[in-house]
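Each remark here refers to the structure printed beneath this line.
The values are calculated or read from the model by the stated rules, or taken from the named source; none is laboratory data. Bear in mind that the values here come from a model prediction, so they are computed numbers and not experimental data. In this analysis, Cβ positions are derived from the backbone assuming ideal geometry, glycine residues included, and neighbour counts consider all displayed protein chains.
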Amino acid sequence: METPVAPKPEVSTEPKISAFSLSSIRKKKELEASTKAYVKPTSVMPTEDFTETEMLVQWNKYAQRLGDKGFKIMEALLLINDPTLDGTTITLELPNEGSKLDFESQINGLLGHLKGHLHNHDITIQVNVNEAIESKRSLNDQDRYNRLMEINPNLDLLRTTFGLDLTS
């Protein structure tokens, strides 16, 4: 019975390089440079036109996706008011510096989503702080009724005609 012979390791003719030598650092940098991923030139990136409506649809889809994943704060910041579009610059007004910092920490995901779905890589987002932004939510029935009266004064006529009251 023959005993199996282990194959001999191949012997390299190159001299061994210490991990702490200058030549090893040079070899490591050469290896990193050769393995870097190819980045497309920006002139190749798509720059299709899009409308404000298309942008808002994608904006709201991204907010919905964040809400589904549990990122409620970021979802609320995206939906606090509608952004405006000027060319490829999207402008969003936030109520304070804290919300601006929270938004800017997560802006790259939103930009990637918008650039990919709108097929335009020139999109930029500008965030403005406006301390005077009022909350869009009404607090009680009377506040809601007053807001609806501002929109349509005929609501009071409807209420009195049918004898309706605001208490539930």
**Report entry** Scope the range 51-110; condition within 16 Å of Ile123 (Cα to Cα) and either touching a Cys at 6+ places or on another chain (Cβ under 7 Å) or not in a helix (DSSP H, G or I) (or both); matching residues
**Finding:** Thr51, Pro83, Thr84, Leu85, Asp86, Gly87, Thr88, Thr89, Ile90, Thr91, Leu92, Gln106
Requested in this report: Confirm whether Thr91 is loosely packed, with under 14 Cβ neighbours inside 10 Å, modelled with pLDDT of 90 or more, touching a strand residue (DSSP E or B) at 6+ places or on another chain (Cβ under 7 Å) and within 30 Å of Ala132 (Cβ to Cβ).
Outcome: yes
